[in-house]
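Student: Can you read through this structure? Questions will come right after.
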Amino acid sequence: MKEFENKKVILWDFDGVILDSMDIREKGFREVLSGYPPEQVEKLLQYHHKNKGLSRYVKFRYFMKTVLRQEVNEEKVEKWTKAYSEIMRKDLTSRDRLIRETLDFIKNNHSRYEMHVVSGSDGDELRFLCRKLDLSPYFKSIQGSPEPKISLVTNTLRNFGYENSEVCLIGDSINDYEAAAENNIDFYGYNDPKLRSKGLNYIHSFA
């Protein structure tokens, strides 16, 4: 693709870019928080959809602090995140959920570009899913939360000694764009027309 002619490294978001997972992610929040009033859970889901690139740790803390108006209890956040991850590990291991055109691009180009996953999803869970989905061999590293995405990108650039101009990030949320901009690398939006409407670089299709 001509967008990547001058690039040597591609950083990938995971959910919505490689894996079609949004319905299961939403289901996970509903199940973990099933003991709370639906209108409160809906407020969390609104925040979740507006901030797809943020981690579940951030979202559960938002729920506790902003929706419930309570002091953040990290033990409860940890309990919620573990329960959430159990649902994800059970429900996201079908290869039918892989976004076919993205998968084909990765398979056909992983020897041309160095590729990494940098995601707001839990890092251990990501590595588990990538093993189950036979994706691990395509990536130099697979990284996720609780480390914020901005830091994940920073660390990848530093640890692998990349030149910023040779690296781009592909994502489906404004949080992905912010992580790229903060690290002075190019960003390409994908699978969310709202990013295109903001005038950002946009990939219509990998096919």
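What follows draws every value from the coordinates through simple rules; no lab data is involved. Computed from a predicted model, the values in this text were never measured in an experiment. When we count neighbours, we look across all protein chains shown, and the Cβ atoms used for this are built from the backbone with ideal geometry, even at glycine.
Student: Rounding to the nearest 10 and keeping the result within 0 to 90°, find how far the Cα-based axis of helix 149-160 lies from the longest principal axis of the chain.
Tutor: 40 degrees
Student: Mind jotting down a quarter of the surface of the convex hull over the alpha carbons of the chain, in square nanometres, one decimal?
Tutor: Details: hull surface 45.6 nm².
With the hull built on Cα positions only, its mean projection is 11.4 nm².
Student: Further question on the same structure: What FRET efficiency would be calculated for the residue pair residue 124, residue 50, taking the C-beta separation as r and a Förster radius of 30 Å, to the nearest 0.05? Working shown, then result.
Tutor: Working: r = 26 Å, r/R0 = 0.86.
Using R0 = 30 Å, I get an efficiency of 0.70.
Student: Moving to a separate point now. Where does each of 39, 182, 114 land when they are ranked from fewest to most other beta-carbon atoms within 10 angstrom?
Tutor: Numbers: 39 8, 182 14, 114 19.
Ordered by Cβ neighbours within 10 Å, fewest first: 39, 182, 114.
Student: Okay, moving on. What does a probe at residue 110 reach in the range 129-168, counting residues whose amide N is under 18 Å from the point 7 Å along Cα→Cβ?
Tutor: 129-144
Student: Considering only C-alpha atoms, what is the centroid distance from the range 69-104 to the range 29-43, in Å?
Tutor: 16 Å
Student: Let me ask something else. Taking the alpha-carbon set of the range 22-91, what are its Rg and Dmax in Å?
Tutor: When restricted to Cα atoms, the range 22-91 yields Rg and Dmax of 11.0, 31 Å.
Student: Given an 8 Å cut-off on Cα distances and at least 6 residues of separation, report the relative contact order of the chain as a percent. Intermediate results must be reported in sequence, preceding the final value.
Tutor: On the way: 310 pairs, mean separation 57.7, N = 207.
Computed over the chain, the figure is 28 percent.
Student: Which angle from 0 to 90°, rounded to the nearest 10, does the C-alpha axis of helix 100-109 make with the longest principal axis of the chain?
Tutor: Between the helix axis and the principal axis of the chain, the angle is about 40 degrees.
Student: Return the FRET efficiency for the residue pair residue 40, residue 72: r is the Cβ-Cβ distance, R0 is 22 Å, and the value is rounded to the nearest 0.05. The partial results should precede the final answer.
Tutor: On the way: r = 16 Å, r/R0 = 0.71.
That pair, residue 40 with residue 72, gives E of 0.90.
Student: Going down the table (7/132; 27/52; 2/194; 59/149), which pairs top 18 Å between alpha carbons?
Tutor: Details: 7/132 29 Å; 27/52 14 Å; 2/194 22 Å; 59/149 14 Å.
Distance filter (> 18 Å) returns 7/132; 2/194.
Student: Hey, another quick one. About its Cα centre, how strong a charge dipole does the range 160-200 have in debye, to the nearest 20, once Lys and Arg get +1 and Asp and Glu get -1 at the Cβ?
Tutor: Details: 3 positive and 8 negative charges, 52 e Å.
With only Lys, Arg, Asp and Glu charged at Cβ, the dipole is about 260 debye.
Student: What residues from the range 1-18 fall in the zone where the backbone N is under 18 Å from a label point 7 Å along the Cα-to-C-beta line of residue 100?
Tutor: 16-18
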